[in-house]
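*Asks:* This is the structure, below, for whatever I ask next.
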Amino acid sequence: MNEVLSFNKEVANLLHAAEGSPTSACIQCGTCSGTCPVADYMDHTPRQLMAMINANMKEDVLASNTYWFCASCYHCMVRCPAEINITEVMYALKRYSIWQKKYREDLIGPVFSETFVKMIFNGGRSFEPVLAPTYIFGYGLSGFLQEVQTATGLMIKGRLPLLPARIKRLDNFKRMIGRIIPIGGLS
Amino acid sequence: MKEFAYFPGCSLEKLATSYNLSALESTRKLGVNLKELEDWNCCGSTTYFHVDELLAYTLCARNLAQAEKMGLDLVTPCSACYKNTYFAAASFKRDPDLAEHVNFALEEDNLHFSGNTAVKHLIEVYVKDVGLEEIKSKVTKPLEGLHVAPYYGCQIMRPRKDHEDVEQPRFFEDLLAAIGATPVDYPLKMRCCGGSLLITSRKAAFSMVHDLLQCALDSGATLIATACPMCQVNLECYQQQVNQEFGTNFSMPILYFTQLVGLALGIPAKKLGIGKELVSLEPELLRVTKRQPAVER
């Protein structure tokens, strides 16, 4: 009963709710990699990542930046001749890597996502200034200054919020979330 | 008068305030009323789906349930809100267990979603519910001589919903033509703007924005029209940083389709939020509007 699941089976389980073919249906045609606008910046192209999942290379897959560099544009997915929901695989790997706390340490994505989720939990709506500290210090001095310049421009045009937006029925909202994730589950 | 439950989304509160203003003004002028959801919440963006799928679906369900309570279909001008809400509604229909679980959570806010609310993107309301002929008949100031790149972005068209053409749709071009503008052939019109990669993977995102701007310039466009606050912000607000990164000199105005429609319908520019851009479109607009009578008050 204590049989250890293979990684490709684990990924299949993560996708139980999604429509589409399993990753094992991949024919390695490379349409996804040719379509992906971010492929040049990924450790492994989407096609390579599919092959690695199917070869059960769990540690290598999780250590790759590929799935965290997916912008969720669904371009690969609408073109995949094997009808694999590739974008959903990337989402599943993101969630898996957060649960297992196994992702490349220099990535901004995981921290940014978790901060965003907590922000919505606290107010119900997005408030950009809360998010800035999760990334801006990683940009280096010139990147930091560029960001400040952009933010100043937006501020002058009245496009940056100064006060956090809150929904009206916040107590109900928090109890609602509590029925999905027990309080404390996000901390 | 046609009426929809309006879910503006977080970006439209401040960052894309001109989208909100122009959506409300132009849509009203087209004889459609947008009635804002009383207490809408964030759609979950992409980030909620990175952390917990069920939680993300619950956020979408709360907005859907409020629209259902109003007895109206839901419309949103934001492509990310649209994609999340549309597919959440579809998932609840497909998966009764999921719907039950989510409805259990919604009880805490005295809400229930039974699946009777359709979800539309605002551009769909213009093209299908109002119709291009109707829009054309209401144009008083056609945007003649304005060469516009129709930028669809990702999440209006993708994932695929039915059997629609997700490679070469034409409705954005047709809408621009209906208001007298000239839609240019824009090969990257379906390409991603980078979304939140602008924050999490800047190098990659800058190159994506660069390619989109360069392609629009090469296509002969003098401005890009978008239907998504994320696309607008990425293409406009990071233009200066892209210029520094690539040594380019882009100065490409990025407008919402609702602003262009509003101008053509004779709504004063200020009421459409024009003037809040970081990349000014004044020279372009002066050129187009100078032939026309002074703006009404």
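*Asks:* Out of the residues in the range A:83-113 that are in a loop (DSSP other than H, G, I, E, B) and of a type in the set (A, V, I, L, M, F, W, C), which is farthest from the other protein chains (Cβ to nearest Cβ)? Full working, then the answer.
*Replies:* Initial filter on the range A:83-113 (in a loop (DSSP other than H, G, I, E, B)): A:83, A:85, A:100-108.
Among the residues that remain, those that are also of a type in the set (A, V, I, L, M, F, W, C) are: A:107-108.
On the way: A:Leu107: 7, A:Ile108: 4 Å.
Among residues in the range A:83-113 that are in a loop (DSSP other than H, G, I, E, B) and of a type in the set (A, V, I, L, M, F, W, C), the one farthest from the other protein chains (Cβ to nearest Cβ) is A:Leu107.
*Asks:* Kindly indicate whether B:Asn116 is surrounded by fewer than 17 Cβ atoms within 10 Å (Cβ to Cβ) and within 25 Å of the chain's Cα centre (by Cα). Write out each step before concluding.
*Replies:* Numbers: surrounded by fewer than 17 Cβ atoms within 10 Å (Cβ to Cβ): yes; within 25 Å of the chain's Cα centre (by Cα): yes.
Yes.
*Asks:* Here's another thing I want to ask about it. Which residue out of B:Glu13, B:Glu25 is more than 21 Å from A:Cys73 (Cα to Cα), at pLDDT below 95 and not assigned by TED's automatic domain parsing to the domain that holds B:Leu198? Write out each step before concluding.
*Replies:* Numbers: B:Glu25 fails: at pLDDT below 95.
Result of the check over B:Glu13, B:Glu25: B:Glu13.
*Asks:* All but one of (1) facing chain B (nearest Cβ under 8 Å); (2) surrounded by fewer than 22 Cβ atoms within 10 Å (Cβ to Cβ); (3) not hydroxyl-bearing (Ser, Thr, Tyr) hold for A:Pro37; state the number of the condition that does not hold.
*Replies:* Of (1) facing chain B (nearest Cβ under 8 Å); (2) surrounded by fewer than 22 Cβ atoms within 10 Å (Cβ to Cβ); (3) not hydroxyl-bearing (Ser, Thr, Tyr), only one is false for A:Pro37: (2).
*Asks:* For A:Arg159, which of the numbered conditions (1) out of contact with any Leu (no Cβ under 6 Å at 6 or more places or on another chain); (2) assigned to a loop (DSSP other than H, G, I, E, B); (3) of a type outside the set (A, V, I, L, M, F, W, C); (4) within 10 Å of chain B (Cβ to nearest Cβ) fails to hold?
*Replies:* (1)
*Asks:* Is it true that B:Lys161 is away from every other protein chain (no Cβ under 12 Å) and of a type outside the set (Gly, Ala, Ser)?
*Replies:* Details: away from every other protein chain (no Cβ under 12 Å): no; of a type outside the set (Gly, Ala, Ser): yes.
For B:Lys161, the condition - away from every other protein chain (no Cβ under 12 Å) and of a type outside the set (Gly, Ala, Ser) - is not met.
*Asks:* Further, regarding this structure: Please verify whether A:Glu147 is of a type in the set (Asp, Glu), at positive phi and either at the interface with chain B (Cβ under 9 Å from one of its Cβ atoms) or in contact with a Gly (Cβ under 7 Å, 6 or more places away or on another chain) (or both), treating the condition exactly as stated. Break it down into steps so the answer makes sense when it comes.
*Replies:* Working: of a type in the set (Asp, Glu): yes; at positive phi: no; either at the interface with chain B (Cβ under 9 Å from one of its Cβ atoms) or in contact with a Gly (Cβ under 7 Å, 6 or more places away or on another chain) (or both): yes.
Spelling it out, it is not the case that A:Glu147 is of a type in the set (Asp, Glu), at positive phi and either at the interface with chain B (Cβ under 9 Å from one of its Cβ atoms) or in contact with a Gly (Cβ under 7 Å, 6 or more places away or on another chain) (or both).
Quick grid of which residues meet (1) surrounded by fewer than 18 Cβ atoms within 10 Å (Cβ to Cβ); (2) touching a strand residue (DSSP E or B) at 6+ places or on another chain (Cβ under 8 Å); (3) within 30 Å of B:Glu277 (Cβ to Cβ); (4) not assigned by TED's automatic domain parsing to the domain that holds A:Asp60:
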{"site": "A:Glu114", "(1), (2), (3), (4)": "yes, no, no, yes"}
{"site": "A:Gly124", "(1), (2), (3), (4)": "no, yes, yes, yes"}
{"site": "A:Ala132", "(1), (2), (3), (4)": "yes, no, yes, yes"}
{"site": "A:Ile136", "(1), (2), (3), (4)": "yes, no, yes, yes"}
{"site": "A:Thr152", "(1), (2), (3), (4)": "yes, no, yes, yes"}
{"site": "A:Phe173", "(1), (2), (3), (4)": "no, yes, no, yes"}
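*Asks:* Condition test on A:Ile167, is it at the interface with another protein chain (Cβ under 9 Å from one of its Cβ atoms) and in contact with a Phe, Trp or Tyr (Cβ under 9 Å, 6 or more places away or on another chain)? Spell out the reasoning first.
*Replies:* Numbers: at the interface with another protein chain (Cβ under 9 Å from one of its Cβ atoms): yes; in contact with a Phe, Trp or Tyr (Cβ under 9 Å, 6 or more places away or on another chain): yes.
Yes.
*Asks:* Identify, from the list B:Asn20, B:Asn110, B:Asn33, B:Asn103, the residue that is within 21 Å of B:Tyr126 (Cβ to Cβ), free of Cβ contacts under 8 Å to residues at least 60 places away in the same chain and not hydroxyl-bearing (Ser, Thr, Tyr).
*Replies:* The match here is B:Asn33.
*Asks:* Taking the stated definitions as given, is A:Ile177 surrounded by 13 or more Cβ atoms within 10 Å (Cβ to Cβ), within 9 Å of chain B (Cβ to nearest Cβ), touching a Phe, Trp or Tyr at 6+ places or on another chain (Cβ under 8 Å) and farther than 30 Å from A:Asn13 by Cα? It would help to see each step written out before you state the result.
*Replies:* Values: surrounded by 13 or more Cβ atoms within 10 Å (Cβ to Cβ): yes; within 9 Å of chain B (Cβ to nearest Cβ): yes; touching a Phe, Trp or Tyr at 6+ places or on another chain (Cβ under 8 Å): yes; farther than 30 Å from A:Asn13 by Cα: no.
Against the criterion (surrounded by 13 or more Cβ atoms within 10 Å (Cβ to Cβ), within 9 Å of chain B (Cβ to nearest Cβ), touching a Phe, Trp or Tyr at 6+ places or on another chain (Cβ under 8 Å) and farther than 30 Å from A:Asn13 by Cα), A:Ile177 does not qualify.
*Asks:* Just to verify a result, which residue in the range A:116-138, among those that are of a type outside the set (Lys, Arg) and outside any helix (DSSP H, G or I), is farthest from B:Pro8 (Cα to Cα)?
*Replies:* Only one residue tops the list, namely A:Tyr135.
*Asks:* Hey, another quick one. Which one of these does A:Ser72 not meet: (1) on the phi > 0 side of the Ramachandran plot; (2) in a loop (DSSP other than H, G, I, E, B); (3) at pLDDT below 90?
*Replies:* (3)
*Asks:* Looking only at the range B:53-65, decide whether some residue is assigned to a strand (DSSP E or B), in contact (Cβ under 8 Å) with a residue 40 or more places away in the chain and either in contact with a Lys or Arg (Cβ under 9 Å, 6 or more places away or on another chain) or more than 28 Å from B:Ile267 (Cβ to Cβ) (or both).
*Replies:* Just the residues of the range B:53-65 that are assigned to a strand (DSSP E or B), to begin with: none.
No, the range B:53-65 has no match at all.
*Asks:* Among (1) of a type in the set (D, E, K, R); (2) surrounded by fewer than 20 Cβ atoms within 10 Å (Cβ to Cβ); (3) within 9 Å of chain A (Cβ to nearest Cβ); (4) under 25 Å from B:Ser11 (Cα atoms), there is one condition B:Asp73 misses while meeting the rest; what is its number?
*Replies:* (3)
*Asks:* Name the residue that is surrounded by the most Cβ atoms within 10 Å (Cβ to Cβ), counting only residues in the range A:69-112 that are among the acidic types (Asp, Glu) and either touching a Pro at 6+ places or on another chain (Cβ under 7 Å) or within 15 Å of B:Arg158 (Cβ to Cβ) (or both). Outline the logic, then answer.
*Replies:* Here is the first cut: in the range A:69-112, the ones among the acidic types (Asp, Glu) are A:83, A:88, A:105-106.
This time we only want the ones that are either touching a Pro at 6+ places or on another chain (Cβ under 7 Å) or within 15 Å of B:Arg158 (Cβ to Cβ) (or both), so: A:83, A:88.
Numbers: A:Glu83: 12, A:Glu88: 21.
For the range A:69-112, the residue satisfying everything is A:Glu88.
*Asks:* Considering only the range A:50-64, I want to know if a residue exists there that is of a type in the set (Gly, Ala, Ser), crowded, with 20+ Cβ neighbours inside 10 Å, more than 23 Å from A:Leu5 (Cα to Cα) and touching a residue at least 24 places away in the same chain (Cβ under 8 Å). Reasoning before the result, please.
*Replies:* Of all residues in the range A:50-64, those of a type in the set (Gly, Ala, Ser) come to A:51, A:55, A:63-64.
Add one more test, that the residue is crowded, with 20+ Cβ neighbours inside 10 Å, and what stays is A:64.
This time we only want the ones that are more than 23 Å from A:Leu5 (Cα to Cα), so: none.
Among the residues of the range A:50-64, not one is of a type in the set (Gly, Ala, Ser), crowded, with 20+ Cβ neighbours inside 10 Å, more than 23 Å from A:Leu5 (Cα to Cα) and touching a residue at least 24 places away in the same chain (Cβ under 8 Å), which makes the answer no.
*Asks:* If you don't mind, another one. Restricting to the range B:28-50, what's the tally of residues that are at pLDDT 95 or above and part of a helix (DSSP H, G or I)?
*Replies:* Residues flagged as at pLDDT 95 or above and part of a helix (DSSP H, G or I) within the range B:28-50 amount to 2.
*Asks:* Just checking, which of B:Leu235, B:Leu212, B:Leu217 is surrounded by fewer than 22 Cβ atoms within 10 Å (Cβ to Cβ) and more than 8 Å from chain A (Cβ to nearest Cβ)?
*Replies:* When all the criteria are applied, what remains is B:Leu217.
*Asks:* So, one more: Looking at the range B:247-267 only, could you name the residues that are assigned to a loop (DSSP other than H, G, I, E, B) and in contact with a helix residue (DSSP H, G or I) (Cβ under 9 Å, 6 or more places away or on another chain)?
*Replies:* Matches in the range B:247-267: B:Thr248, B:Asn249, B:Phe250, B:Ser251, B:Met252, B:Pro253, B:Leu265, B:Gly266, B:Ile267.
The values are calculated or read from the model by the stated rules, or taken from the named source; none is laboratory data. Only a predicted model underlies this, so the values are computations on that prediction, with no experimental measurement involved. Virtual Cβ from ideal backbone geometry, glycine too; neighbours counted across all protein chains shown.
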